Amino acid sequence: MAAASSSDSYSGRTESNEANSKWLDAHYDPMANIHTFSSCLSLADLHGDGEYKLVVGDLGPGGQQPRLKVLKGPTVLTESPLPALPASAATFLMDQHEPRTPALALASGPCVYVYKNLRPYFKFSLPQLPPNPLEQDVWNQAKEDRIDPLTLKEMLEDIREKADVPLSVQSLRFLQLELSEMEAFVNQHKSKVIKRQTVITTMTTLKKNLADEDAASCLVLGTESKELLVLDPEAFTILAKMSLPSVPVFLEVSGQFDVEFRLTAACRNGSIYILRRDSKHPKYCIELSAQPVGLVRVHKVLVVGSTQESLHGFTHKGKKLWTVQMPAAILTMNLLEQRSRGLQAVMAALANGEVRIYRDKALLNVIHAPDAVTSLCFGRYGREDNTLIMTTRGGGLIIKILKRTAVFVEGTGEVGPPLAQTTKLSVPRKTRLYVDQTLREREAGTAMHRTFQTDLYLLRLRAARAYVQALESSLSPMSTTAREPLKLHAVVQGLGPTFKLTLHLQNTSTARPVLGLQVCFLYNKALYALPQAFFKVPLLVPGLSYPLETFVESLSSKGISDMIKVLVLREGQSAPLLSAHINMPVSEGLAAA
């Protein structure tokens, strides 16, 4: 009853806005119990009857087993368990034979499960990786009873910290055991061969040789071992293997495998790598300032969402085009393609329950969901061409249909670029003075450049001479000698006629104290009076700032101020180590009197 009431209240709230909205609310079930990501959603005509189904790789939260669900409309058509958590789901055509029924590929763990007509058809497993030779040698010693389990644990921990090749699952499980469980584990597994298996992190499809919608496609896999694999659609053999500097988490492809293609991979190190045909390593690299949370290709622009609550647009060569700031964190992204109007846009689901639709950096539409949306999918569902499917954080299912009369216009959303941005500026006409100045610069351009260069060189020369003079006469508030690395900072406080002068003297060396320093004040005795114009400095410990305080009394009643020079000296030396010139303020107390 509670679920029904919440559903009715949401539908009641949306009925008033439905007339002004571009979307029809087809279905909302807050208790659908679907927990997944955008990469595990796919729409396809699985039976070739023109009725498009929704394929969901359900994560199975709360200790439940992951499941493969197929939905027809709002109801679950079939449901089958999965051996591991799903990483991605995709539909593709394997061949050109009739009937043209697409196959379903589901990446889970180290395998890709292929279904045809919702029945298991093929299972592709990633090739095993060579084990660490040091790890293999350690287990061989344990097999021959030359080391005990405690020594085995210490050696494996040392290998894990220093070796470049990660440990196998068997060794990682052994390191997690308690001391009482180690011996039984070693006796059970010491005779087994060490195997190191990677897993699939992301998956997408790439057209084989034709760009048609009903052409055969290859599967492109991203693995935990920092590799990209391209699989043959019929034999499921590895056609190409590419290496990446980090683990891929999002993939975008364009082109055909047999002609020319481009792979774009967003990785865990916060970078995006772009690979082309016959390249084993990335050709371009885009370094982000934060971790990517989504990657969508809109025409020739790569749209990337980051954890800094922003969308970025890049070219295929890595040039940044634009940035749009979001009002909340981005949870997921996907592509919206309205083929009847030739529209391609990016959908971004935010943590505040909004789903924003952007074309480049222009906001087209904002959808308000009753809960934060965790997965998005847009396409043909059932017999409707433009259907938006969303799942929420609480496991709810929302289905919306785009109205056939809906037209996305830039600036119709809540927030977007200002209208003044598109307004043309009224540029004034060229005056006679502008034309004369242009002709002068064109005729005497060389002489003007030479004059500018001469003045620039003179400026640099005078600046260098002034800097050398300051170093030689110790006029700088920082000492440049290696023996006494000092820093001086002065602060004047008060309104007058009595001021408080605080000198902050710091030893900037790392481990060497400074001793035997003295401070001297030079000032006009007709204007100022100090109780002590000369005093000794205590031992300066490295890194600490020592405040040295004294009082200055203004003697002039005419509102005249002057400069006080502070010199830091060493006993037995006539030249100061460093100095500071303090411009004293006018005494407001005397001026008021």
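The table that follows gives values for the structure above.
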quantity: Candidate set from segment 108-151 (those that are acidic (Asp, Glu) and closer than 26 Å to ASP164 by Cβ); member that is least open to solvent (accessible area, probe 1.4 Å); calculated: GLU135
quantity: Residues of segment 320-343 satisfying the condition of being of a type in the set (Val, Ile, Thr) and either surrounded by 15 or more Cβ atoms within 10 Å (Cβ to Cβ) or without any contact (Cβ under 8 Å) to a residue 12 or more places away in the chain (or both); calculated: VAL324, ILE330, THR332
quantity: Hits in segment 298-348 (condition: among the basic types (Lys, Arg) and assigned to a strand (DSSP E or B)); calculated: LYS320
quantity: Cross-chain or 6+ apart pairs with Cβ under 6 Å, segment 286-297 first and assigned to a loop (DSSP other than H, G, I, E, B), then open to solvent by 30 Å² or more (accessible area, probe 1.4 Å); calculated: ALA290/THR307; ALA290/GLN308; GLN291/THR307
quantity: Qualifying residue in segment 355-370 (condition: under 17 Å from HIS27 (Cα atoms) and not aliphatic (A, V, I, L, M)); calculated: yes
quantity: Unique residue being hydrophobic (A, V, I, L, M, F, W, C), closer than 22 Å to VAL296 by Cβ and surrounded by fewer than 22 Cβ atoms within 10 Å (Cβ to Cβ) when the list is ALA240, ALA211, ALA235; calculated: ALA211
quantity: Total residues in segment 485-512, condition more than 19 Å from ALA580 (Cα to Cα) and either without any contact (Cβ under 8 Å) to a residue 12 or more places away in the chain or open to solvent by less than 70 Å² (accessible area, probe 1.4 Å) (or both); calculated: 4
quantity: Wholly enclosed strands (runs of 3 or more DSSP E) of segment 27-98 bearing at least 1 residues open to solvent by 30 Å² or more (accessible area, probe 1.4 Å) and hydroxyl-bearing (Ser, Thr, Tyr); calculated: 75-81, 86-92
quantity: Residue in segment 569-592 that is among the acidic types (Asp, Glu), over 30 Å from GLN469 (Cα atoms) and at pLDDT 85 or above present; calculated: no
quantity: Hits in segment 53-75 (condition: closer than 13 Å to ILE389 by Cα and not hydrophobic (A, V, I, L, M, F, W, C)); calculated: LYS53, LYS72, GLY73, PRO74
quantity: Of all residues in segment 306-319 being of a type in the set (S, T, N, Q) and surrounded by 15 or more Cβ atoms within 10 Å (Cβ to Cβ), the one that is farthest from ASN386 (Cα to Cα); calculated: GLN308
quantity: Per-region count, segment 352-375, residues over 21 Å from PHE314 (Cβ atoms), of a type outside the set (Val, Ile, Thr) and either in contact (Cβ under 8 Å) with a residue 24 or more places away in the chain or surrounded by 16 or more Cβ atoms within 10 Å (Cβ to Cβ) (or both); calculated: 9
quantity: Strands (runs of 3 or more DSSP E) completely within segment 513-593 that count 1 or more residues being closer than 21 Å to THR498 by Cβ, open to solvent by less than 60 Å² (accessible area, probe 1.4 Å) and in contact with a Gly (Cβ under 8 Å, 6 or more places away or on another chain); calculated: 545-554
quantity: Only one of LEU43, LEU54, LEU68, LEU77 that is at pLDDT 85 or above and farther than 23 Å from THR205 by Cα; calculated: LEU77
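This table checks each residue for (1) at pLDDT below 75; (2) more than 30 Å from VAL324 (Cβ to Cβ); (3) open to solvent by 100 Å² or more (accessible area, probe 1.4 Å).
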site: GLY411; (1), (2), (3): yes, no, no
site: ASP436; (1), (2), (3): no, yes, no
site: ALA447; (1), (2), (3): no, yes, no
site: LEU456; (1), (2), (3): no, yes, no
site: SER476; (1), (2), (3): yes, yes, no
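The values are calculated or read from the model by the stated rules, or taken from the named source; none is laboratory data. Since the model is a prediction, treat every value here as computed from it, not as a measurement. Using ideal geometry, Cβ is built from the backbone for each residue, glycine included, and neighbour counts are taken over all protein chains shown. For accessibility, only protein heavy atoms count, side chains too; no ligands or nucleic acids. Shrake-Rupley method; radii C 1.70, N 1.55, O 1.52, S 1.80 Å.
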